[in-house]
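Encoded as structure tokens, the structure appears first; notes follow it.
A short reminder: the numbers here are calculations on the coordinates, not readings from a lab. Note that this is a predicted model, so its numbers are computed, not measured. Heads up, the Cβs are rebuilt from the backbone with ideal geometry, glycines too, and the neighbour counts pull from every protein chain shown.
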Amino acid sequence: MEIYTVKPGDTLYSVARETGVSANFIAIWNAIPAPYTLVVGQSLLILTPSTVYTVREGDTYDAISARTGVAKRKIFANNPQTYGGTAPLYAGQTLVLAFEEEPAASTAFTGYAYPFIENRLLRYAVPYLSALIPFTYGFTPTGALVPLDDEALISAAKNVGTQALMHLSTLTENGSFSAERAAALFRNPAAMDTLARNVLAEIEEKGYSGLDIDFEFIPPETAQSYADFIARLRALLSPQGYVVIAALAPKASREQKGVLYEGHDYALIGAAADYVLLMTYEWGYTYGPPMAVAPIPAVRSVLDYAVSEIPREKIYMGIPNYGYDWILPYKQGYSRATSIGNDEAVDIARRFGAEIKFDETAKAPYFSYYNAGEQHEVWFEDARSMQAKFALIREYGFAGGGYWNVMRQFNQGFMLQSAIFDTIFPY
């Protein structure tokens, strides 16, 4: 495996000659559209196919899987252009069945998705995940669930053997999130019991493998109550074989101030849940100044604190699957960045003739460009930044990683994951 950085004068075909790998494969793995123009500074994931299959007239994905003994899930993961089997096959097409790169570790990966995700992107994403997490159920003051149209997501996941976790947040009936709703719940034992029973019933009815609970911006005085409620859910779900994961704001110390952090007690929640997901992203965010979404030094500070409070084998590290485009100059309280996909970021650089640079401290790519007289600055993720994040999962010995979110295609990121890790199904 190689991560190649494009130099001035490089073309897709010169890189193919230099690396000895098919230009067609390089274009697919790195989502390079025709006419296959490269961007200076762009990273290219280069893998080495060891077994390929040439599609025959009349072949189907089921037939290829049966003939070769390779699971459809693996065929889809090795060939993102199949979009999880939604793309038609054609005679003469070459599919990769195996790579020389053997995963060096096994771990679990979760990923969030909204119900309105396009079907082909949903089918594209689930082969790379241990569990898909449809976003999100909420609850009423009496403990009834605010429903979610999740059947298609669960079905797509199960179609390739991926599990699904129910997601519970402070979503209200009007579609907003309410920390006050959570605080009121904790003062109402009857509502907590009703909500817990409704969660169990929904998990059983829908075929979920467990629960991901995510109450954010809750007041500090509810920290104990929140942990107690998570423990209550775990006590109800665990005997039935269901897992409970709790999402945690990215704290770097127990004393960290701020409405996002103070209601999340790492030690209490870590003890109450089976696993936790550290939301290690959003340093660069919509209303903040231009910077990496998940700079490695900031992420590491959260990880170091987390393992001081929670057993590392219970921790999932959050991974962003997106970037931001800022208009400069940045003005606090006024500027608003646009969220973009990682492949989209490279397309923007290509369209405006920008050179992609790489911040060796943050371990993140970025570039600037001008459009209609306005200067923009873009930070995003690529194979190099993902490699740094995957290295942290291995270094710390975590249970796995969790993507926010899988609503956008990111070929080199997901294929790099597959090259480094075997996906396991722990729930």
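Couple of notes before you dig in:
- By the count of neighbouring beta-carbon atoms within 10 Å, fewest first, Asp382, Asp274, Asp359 end up ordered Asp359, Asp274, Asp382.
- Magnitude of the charge dipole for region 83-192, about its Cα centre and with charges confined to Cβ atoms of Lys, Arg (+1) and Asp, Glu (-1), is about 260 debye.
- Residues Lys363, Lys158, Lys7 arranged by fewest to most Cβ contacts within 10 Å: Lys7, Lys158, Lys363
- Alpha-carbon centroid distance for the pair region 319-338 / region 1-17, whole angstrom: 30
- Were the residues from Thr11 through Arg300 laid out at 0.36 nm apart, the gain over their Cα-Cα distance would be 100.4 nm.
- Kirkwood Rh in Å, taken over all unlike Cα pairs in region 224-316: 14.0
- Taking Cα centre as origin and charging only the Cβ of basic (Lys, Arg, +1) and acidic (Asp, Glu, -1) residues, the dipole magnitude of region 306-401 rounds to 160 debye.
- The packing ranking, built from the mean of other Cβ atoms within 10 Å per residue, places the peptides 368-379, 325-336 in the order 368-379, 325-336, highest first.
- Normalised Debye scattering of region 131-186 at q = 0.18 Å⁻¹ gives log10 I(q)/I(0) of -0.62, counting only Cα atoms as equal scatterers and leaving out solvent.
- Scaling the Cα radius of gyration of region 2-99 by the globular reference 2.2 N^0.38 Å produces a ratio of 1.16.
- Placing unit charges on each Cβ (+1 for Lys and Arg, -1 for Asp and Glu) gives region 105-423 a dipole about its Cα centre, and among Ile348, Pro329, Gln240 the Cα reaching farthest toward its positive end belongs to Ile348.
- Chain lengthening between Glu221 and Ala105 when straightened (0.36 nm per residue, less Cα-Cα): 37.7 nm
- For region 232-267, backbone nitrogen atoms closer than 18 Å to the point 7 Å from Asp193 Cα along Cα-to-C-beta are found at 232-237.
- Span from the region 386-404 Cα centroid across to the region 268-293 one, whole angstrom: 14
- Comparing Val406, Val243, Val70 in a Gaussian network model of the chain where C-alpha atoms under 10 Å apart are linked, the largest mean-square fluctuation is found at Val70.
- Mean Cβ count within 10 Å, highest first, over the residues of peptides 162-169, 105-112: 162-169, 105-112
- Counting DSSP beta bridges with both ends in the chain, the antiparallel % (nearest 5): 45
- Unit charges at the beta carbon, dipole of the chain: most positive-side option, Tyr13, Val259, His167: Tyr13
- Here's the picture: charge each Lys and Arg Cβ at +1 and each Asp and Glu Cβ at -1 in the chain, and of Ile393, Leu278, Phe177 the one pushed furthest to the positive end of that dipole is Ile393.
- Kirkwood hydrodynamic radius of region 87-174, Cα pairs, Å: 15.3
- Assigned charges on the beta-carbon of Lys, Arg, Asp, Glu; the chain dipole about Cα centre (debye): 320
- Residues Val96, Val259, sorted so that the one with the fewest Cβ neighbours within 10 Å comes first: Val259, Val96
- Computed 3J(HN,Hα) for region 367-383, one whole-Hz value per residue from the Karplus formula 6.51 cos²θ - 1.76 cosθ + 1.60 where θ = phi - 60°, is 6, 10, 7, 10, 9, 6, x, 9, 8, 10, 10, 10, 10, 7, 10, 9, 4, glycine and proline marked x.
- Cα gyration tensor, region 95-138 - rounded (a/c under 1.5), prolate or oblate: oblate
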